[in-house]
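Engineer: Dropping the structure in here first, questions after.
The values are calculated or read from the model by the stated rules, or taken from the named source; none is laboratory data. Quantities reported herein were computed from a predicted structural model and do not represent experimental measurements. Counting neighbours? That spans all protein chains shown, and the Cβs are built from the backbone with ideal geometry, glycine included.
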């Protein structure tokens, strides 16, 4: 059975692609048919992914299958379209197809009545196809192709409500920021092609560790990391992700929390053999990731928009994963990617449920006491928040714990402390949100809200179950089966430590407790706190003014220079051209006077011309003789 | 080897169409347009047939036809196509066919318009399918006349008047051709001195050994001539003004294929015949190409008129072609050829969409628009396809061109290529900003009366869009063919470098 299904794994990406093409070309006049086809195709992709994952997991340590077809080839350059099926890919296939299926079902309810209902599902299918092509890619060329394609799907879906200027601008910002990252990524890929003559992951995995010219490999690895920095929104290319919340909430859940933004982390895992061979690059990854984790967590504490809180939380968690990769814990990073995908998409869909019920209200201070009216949303949301905070035995506990353990045992004490602080802040901001929006004295929410239909709540319940359970796959209870399959010989897999487990749980508990004291019991007035540190608060709430700095720099460096160059082109380059034309015209006027019709003057010119020629000829002969 | 002179037929059908149109009464709009559409369709079908029938295993020049013409000069009416010219032939006819439909709503002096347009298409086609230098030059000169007349008769006046634009286009074309002619004459005389026989046959000329200094000088002349045609920095000033002034079909053909004669000539003539000259001059071209890529992309950011944006953007994209040619290796020249094809279909689609919108709204200023996607979803799709192709999105043929050029050029010019790649960021910036400004955002009631694309207006979008996606999804369809042609060419000049190793 597996022999038959494995070479046909391309169907996983092809079916959603076919659906999107059919919707875009023909079916968009029939919204329900479009949605049905889209959900059917992603559901089929999920069903095909299961036996493929089983086949790959069947062997101890995981099996690897590779298939490819020629796509672009000439002497000296080959880019195949291929399938690399190994445990890493299998995990991503299951994560992407299962969450995408649930999100699309949820969207049936969330996007109901939207004039763009059909095209929404067309874009969703196109995204699913691109993302699945990305995770199955067997070489950097193919990776880059799908990397850009998920980027353009993200652009379309962020800007889905194209009538809003804010959505339009957020979409452009996302694409351009990613392009900046891709500029470096592409350079890194070109270097690999030039140095090693191949882009295939398996071929490179053989060649790179034997390559010792560090002066070349260090910049290459860092250039490659630019791609993940853009895609996974790491500082300083992070600004697009919070703005991406302009897109419909299910999009935020699927693309800007669970899957696409994690592609950067996935790439680092996929190319781990390159990064792990370059200690300097690993340090950069760890520091960038750690800094992003902390930086974004501080902002999350001060935000009031439910989606923005979750967006900064996503940034922070992506930083966490990068930090894990950077300290060498490829398994822990991928494990957190997987658990995060489930609980963060759950949280976003929960937020969407709230927003839907509150008629597009997103300010948590205009909600309050939603738990009375929305029990399923509330409970699933709390499960997600507990998982994210790292409360045992939910999934986030196991994965976060592994990252802290890896930082600690690899001797990165600074990063361990940073990780612990971020864990505390994470628990705090999540429960600040919960106590404000779902409980508390404020009753706006209770007045307006209502629980949503089953098409919305059932995906929430399923994701909540996943958020509780998926963590066990890499727990001692299941003998760390995940780590057995998804690992790198260059990575570290430290032994579990009870002390770290207990301390990280206590830290998370403390964060929740503090949030409870401030926002539920109101023993400490958050208004007083805010007033006391008003300068700092404003700085953080305005995201450290980084967007403003970029905007100002862009105006001067890009648009100012553009104006200057246009001026130069019109007045200098064009001026010279027009000047030459003018001179030609003028000299034509002047020379015209020589055409006076007088035979004598013609004869004189002729004599003068002959004289000049004679002189020239004499000089020529003279020089030839000499 | 072929009984039927396919290339001659493809070349003559538009001319025949033009002759028929001249004979029709001026009031018969439908017949005139029908004739134009039919004759370009025949040429398009024939060029697709050539693409499919070309024997890739055999390679080399095929569909060869030779009729001696001027014995004393060694001039033959010689046609033939290989892996480099077939994509150009296909491009010409894809755009030629689409341009007829993009001009469907022309109401004034219809007869003159379509007759001139068909002559223009035939002239451009001729340059790509001939193997004789003299015939090449002849066709190149032939296109100047219809271009000039079409711009001054049917153009539009915005920043500059159409008369200025037409004059500028023509004079630049002529200056370029003057240098080219000087180079060709020098080449002819020198070749005759070496071999003792007068010949204008490109392949024969390439077999002779010229002195290096001769090669450098003549290559420089040709690089200037062809470079001007390809809007090489700083000789690009004609391009934005010219496209802005020209009517839609002329912009499509000029940006789409005519300027590619420059790149094609550089590869087919200058590079093949004068490789030692190329080796010396190429680095200069590569540096100037940066002026195209980065400088022109920057200027796009400051533009408001859609035609200026696409005009400068085409200057910018030609920089990639120039870098590809200047890197002088198989991969980079492959990239340059497919990039010419890619840019051609993309620019033509862009101009077709702009023309359609301008016809209905009488403005091309992006700031006059906003939210057009509400009223014109199909036009929006057309603009988006062209725009995304222009920024090199994978899945579109332009990505294949850029990627291949980058890989090829990176081995030869490290720093220049890195700077060139930075162009992908600026291109994305100006394309998305301009399109966003125009197509998205709140609905603008002022444009509620605009009708979306319908009927024959869809033809350019479907034909050119299909070419963009086909080339992007299945790049091997064209690329294998191009590799075939470029490999022969490079083997001939003995400069086979693969990639470039560190």
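Engineer: Looking for something in a helix (DSSP H, G or I) and under 27 Å from residue B:409 (Cβ atoms) - is there at least one such residue anywhere in the range A:230-240?
Structural biologist: We begin by selecting, within the range A:230-240, every residue in a helix (DSSP H, G or I); these are A:230-231, A:240.
With the extra rule that they be under 27 Å from residue B:409 (Cβ atoms), the set shrinks to A:230-231.
The answer is yes; a qualifying residue exists.
Residues checked against (1) more than 21 Å from residue B:242 (Cα to Cα); (2) under 23 Å from the mean Cα position of the chain (by Cα):
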{"site": "B:187", "(1), (2)": "yes, no"}
{"site": "B:193", "(1), (2)": "yes, no"}
{"site": "B:196", "(1), (2)": "yes, no"}
{"site": "B:206", "(1), (2)": "yes, no"}
{"site": "B:221", "(1), (2)": "yes, yes"}
{"site": "B:225", "(1), (2)": "no, yes"}
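Engineer: Restricting to the range B:196-206, name every residue that is surrounded by 15 or more Cβ atoms within 10 Å (Cβ to Cβ) and either free of Cβ contacts under 8 Å to residues at least 40 places away in the same chain or in a helix (DSSP H, G or I) (or both).
Structural biologist: Keep residues of the range B:196-206 that are surrounded by 15 or more Cβ atoms within 10 Å (Cβ to Cβ), which gives B:198-206.
Across the range B:196-206, the qualifying residues are B:202, B:203, B:204, B:205, B:206.
Engineer: Return the only residue of A:257, A:210, A:271 being modelled with pLDDT under 90 and out of contact with any helix residue (DSSP H, G or I) (no Cβ under 6 Å at 6 or more places or on another chain).
Structural biologist: On the way: A:257 fails: out of contact with any helix residue (DSSP H, G or I) (no Cβ under 6 Å at 6 or more places or on another chain); A:271 fails: modelled with pLDDT under 90.
None of the others qualify; the one that does is A:210.
Engineer: Output the residue which, of all residues in the range A:81-117 that are in a loop (DSSP other than H, G, I, E, B) and away from chain B (no Cβ under 14 Å), is surrounded by the fewest Cβ atoms within 10 Å (Cβ to Cβ). Step through it out loud before you land on a result.
Structural biologist: So the first thing to find is which residues in the range A:81-117 are in a loop (DSSP other than H, G, I, E, B), and the list is A:86, A:111-116.
Retained after the next criterion (residues that are away from chain B (no Cβ under 14 Å)): A:86, A:111-114.
Working: A:86: 19, A:111: 22, A:112: 14, A:113: 6, A:114: 15.
In this case the residue turns out to be A:113.
Engineer: Tell me, yes or no, whether the range A:125-144 has at least one residue that is within 8 Å of chain B (Cβ to nearest Cβ) and modelled with pLDDT of 90 or more. Show your work before the answer.
Structural biologist: First, pick out the residues of the range A:125-144 that are within 8 Å of chain B (Cβ to nearest Cβ): A:141, A:144.
From the residues that got through so far, the ones that are modelled with pLDDT of 90 or more too are A:141, A:144.
Taking every residue of the range A:125-144 in turn, at least one turns out to be within 8 Å of chain B (Cβ to nearest Cβ) and modelled with pLDDT of 90 or more.
Engineer: When you go through (1) in a helix (DSSP H, G or I); (2) closer than 30 Å to residue B:321 by Cα one by one for residue B:20, which number turns out not to apply?
Structural biologist: Here residue B:20 clears every test but (2).
Engineer: Go through the range B:374-384 and report how many residues are in contact (Cβ under 8 Å) with a residue 60 or more places away in the chain, within 23 Å of residue B:301 (Cα to Cα) and surrounded by fewer than 22 Cβ atoms within 10 Å (Cβ to Cβ). Reasoning before the result, please.
Structural biologist: Taking the range B:374-384 as the starting set, the residues that turn out to be in contact (Cβ under 8 Å) with a residue 60 or more places away in the chain are B:374-379, B:381-382.
Now narrow it down to the ones that are within 23 Å of residue B:301 (Cα to Cα): B:379, B:381-382.
From the residues that got through so far, the ones that are surrounded by fewer than 22 Cβ atoms within 10 Å (Cβ to Cβ) too are B:381.
Residues in the range B:374-384 being in contact (Cβ under 8 Å) with a residue 60 or more places away in the chain, within 23 Å of residue B:301 (Cα to Cα) and surrounded by fewer than 22 Cβ atoms within 10 Å (Cβ to Cβ): 1 in total.
Engineer: Quick test of your reading of the structure: residue A:217 fulfils all but one of (1) in a loop (DSSP other than H, G, I, E, B); (2) more than 9 Å from chain B (Cβ to nearest Cβ). Name the failing condition by number.
Structural biologist: Here residue A:217 clears every test but (1).
Engineer: Only one of A:247, A:239 is more than 28 Å from residue A:81 (Cβ to Cβ) and more than 14 Å from chain B (Cβ to nearest Cβ); which? Break it down stepwise before answering.
Structural biologist: Values: A:247 fails: more than 14 Å from chain B (Cβ to nearest Cβ).
Testing whether each residue is more than 28 Å from residue A:81 (Cβ to Cβ) and more than 14 Å from chain B (Cβ to nearest Cβ) leaves just A:239.
Engineer: Any idea which of B:396, B:318, B:353 is within 13 Å of chain A (Cβ to nearest Cβ) and crowded, with 24+ Cβ neighbours inside 10 Å? Can you show your working first?
Structural biologist: Working: B:318 fails: within 13 Å of chain A (Cβ to nearest Cβ); B:353 fails: within 13 Å of chain A (Cβ to nearest Cβ).
Of the residues listed, the single one that is within 13 Å of chain A (Cβ to nearest Cβ) and crowded, with 24+ Cβ neighbours inside 10 Å is B:396.
Engineer: What do you reckon, is residue B:353 over 20 Å from the mean Cα position of the chain (by Cα), in contact (Cβ under 8 Å) with a residue 12 or more places away in the chain and part of a helix (DSSP H, G or I)?
Structural biologist: No, not satisfied.
Engineer: Of all residues in the range B:149-162, which are under 22 Å from residue B:306 (Cα atoms) and at pLDDT 85 or above?
Structural biologist: B:150, B:151, B:152, B:153, B:154
A quick yes/no check of all residues on (1) buried (at least 20 other Cβ atoms within 10 Å of the Cβ); (2) within 9 Å of chain A (Cβ to nearest Cβ); (3) within 18 Å of residue B:357 (Cα to Cα):
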| residue | (1), (2), (3) |
| --- | --- |
| B:409 | yes, no, no |
| B:416 | yes, no, no |
| B:419 | no, no, no |
| B:423 | yes, no, no |
| B:430 | yes, yes, no |
| B:438 | yes, no, yes |
| B:441 | yes, yes, yes |
| B:444 | no, no, yes |
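Engineer: Please go through (1) within 14 Å of chain A (Cβ to nearest Cβ); (2) in a helix (DSSP H, G or I); (3) closer than 19 Å to residue B:222 by Cα for residue B:297 and return the number of the only condition it doesn't satisfy.
Structural biologist: (3)
Engineer: Could you tell me whether any residue of the range B:169-177 is in contact with a strand residue (DSSP E or B) (Cβ under 6 Å, 6 or more places away or on another chain), farther than 15 Å from residue B:253 by Cβ, touching a residue at least 24 places away in the same chain (Cβ under 8 Å) and buried (at least 24 other Cβ atoms within 10 Å of the Cβ)? Walk me through it before giving the result.
Structural biologist: Initially, the range B:169-177 is screened for residues in contact with a strand residue (DSSP E or B) (Cβ under 6 Å, 6 or more places away or on another chain), giving none.
Within the range B:169-177, none of the residues are in contact with a strand residue (DSSP E or B) (Cβ under 6 Å, 6 or more places away or on another chain), farther than 15 Å from residue B:253 by Cβ, touching a residue at least 24 places away in the same chain (Cβ under 8 Å) and buried (at least 24 other Cβ atoms within 10 Å of the Cβ).
Engineer: Right, next: When you go through (1) touching a residue at least 40 places away in the same chain (Cβ under 8 Å); (2) within 11 Å of chain B (Cβ to nearest Cβ); (3) buried (at least 21 other Cβ atoms within 10 Å of the Cβ); (4) under 17 Å from residue A:78 (Cβ atoms) one by one for residue A:185, which number turns out not to apply?
Structural biologist: Going through the list (1) touching a residue at least 40 places away in the same chain (Cβ under 8 Å); (2) within 11 Å of chain B (Cβ to nearest Cβ); (3) buried (at least 21 other Cβ atoms within 10 Å of the Cβ); (4) under 17 Å from residue A:78 (Cβ atoms), residue A:185 breaks only (4).
Engineer: Moving to a separate point now. Among the numbered criteria (1) under 18 Å from residue B:210 (Cα atoms); (2) in contact with a strand residue (DSSP E or B) (Cβ under 7 Å, 6 or more places away or on another chain), which one does residue B:270 miss?
Structural biologist: (2)
Engineer: What helices (runs of 4 or more DSSP H) completely inside the range A:524-613 contain at least 2 residues that are away from chain B (no Cβ under 12 Å) and surrounded by 10 or more Cβ atoms within 10 Å (Cβ to Cβ)?
Structural biologist: Filter on the range A:524-613 gives A:526-532, A:534-541, A:546-553, A:574-592.
Engineer: Oh, and also: For the subset of the range A:428-450 comprising residues that are modelled with pLDDT of 85 or more and outside any helix (DSSP H, G or I), which member is surrounded by the fewest Cβ atoms within 10 Å (Cβ to Cβ)?
Structural biologist: Keep residues of the range A:428-450 that are modelled with pLDDT of 85 or more, which gives A:428-439.
Right, trim to outside any helix (DSSP H, G or I) and you get A:438-439.
Numbers: A:438: 25, A:439: 19.
Step by step, filter the range A:428-450, then rank; the result is A:439.
Engineer: Right, another one. Of all residues in the range B:448-491, which are in a helix (DSSP H, G or I), away from chain A (no Cβ under 14 Å) and over 21 Å from the mean Cα position of the chain (by Cα)?
Structural biologist: B:455, B:456, B:457
Engineer: Among the residues of the range A:47-80, count how many are over 27 Å from the mean Cα position of the chain (by Cα) and within 10 Å of chain B (Cβ to nearest Cβ).
Structural biologist: The number of residues fulfilling the criteria is 7.
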